[in-house]
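Have a look at the structure below, then the notes.
The values are calculated or read from the model by the stated rules, or taken from the named source; none is laboratory data. A quick note: this is a predicted structure, and the numbers were derived from the prediction, not measured. Virtual Cβ from ideal backbone geometry, glycine too; neighbours counted across all protein chains shown. Only protein heavy atoms, including side chains, enter the accessible area calculation; ligands, DNA and RNA are left aside. Shrake-Rupley method; radii C 1.70, N 1.55, O 1.52, S 1.80 Å.
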Amino acid sequence: MELHIKIALAFLLLMTLLTFCVYGWDKHLAKSPKKPRRIPEKTLLLLAAFGGSIGALAGMLFFRHKTLHKKFKYGVPAIIFIQILILYRCLR
C-alpha cells in the first residue's frame, strides 16, 4: 500500500475515533445536571464533514444522541454519501 493511502487511512481512523468521542462527550454534557456549555452543533457537523462521518453516525447510534434532529438524521448520512462519491471518483 502506498504511503499517501496509509496516511489518508490513518487520518480517517483518527477523525472517526475523535468524532465518536466528541459525540459521546456532548451526550454526557447534555445529561449533566449542571448544564455546562455544550459542543456547538456546527462543530459536530464539521467533524463529520472533515473525515469523521462514520464516527458521527456511530456516535449518534451508540449514544442515542442527536438522532431526532433533522440536520443530523439526514445530514450525517448525506455527508457519508458525498464522501463515498468523492472517494470513488478519486480511486477511479
Output for the stretch 16-28, where each listed residue is closer than 20 Å to I84 by Cα and open to solvent by 50 Å² or more (accessible area, probe 1.4 Å): L17, L18, F20
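Evaluate the following for L68: is it among the aliphatic types (A, V, I, L, M), open to solvent by 50 Å² or more (accessible area, probe 1.4 Å), at negative phi and not in a helix (DSSP H, G or I)?
So L68 fits the description; yes.
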Being surrounded by 12 or more Cβ atoms within 10 Å (Cβ to Cβ) and β-branched (V, I, T) is the filter here; which residues of the stretch 71-86 pass it? V76, I79, I80, I82
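Can you tell which of R37, R89 is open to solvent by 100 Å² or more (accessible area, probe 1.4 Å), in a helix (DSSP H, G or I) and more than 18 Å from L13 (Cα to Cα)?
Numbers: R37 fails: in a helix (DSSP H, G or I).
Exactly one of R37, R89 is open to solvent by 100 Å² or more (accessible area, probe 1.4 Å), in a helix (DSSP H, G or I) and more than 18 Å from L13 (Cα to Cα), namely R89.
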What are the residues in the stretch 1-15 that are of a type in the set (V, I, T) and open to solvent by less than 80 Å² (accessible area, probe 1.4 Å), if any? I5
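Residue-by-condition table, conditions (1) over 24 Å from L85 (Cα atoms); (2) among the aliphatic types (A, V, I, L, M):
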{"site": "A10", "(1), (2)": "no, yes"}
{"site": "A30", "(1), (2)": "yes, yes"}
{"site": "A48", "(1), (2)": "no, yes"}
{"site": "I54", "(1), (2)": "no, yes"}
{"site": "H69", "(1), (2)": "yes, no"}
Of the numbered conditions (1) assigned to a helix (DSSP H, G or I); (2) loosely packed, with under 15 Cβ neighbours inside 10 Å, L45 fails exactly one; give the number of that condition. (2)
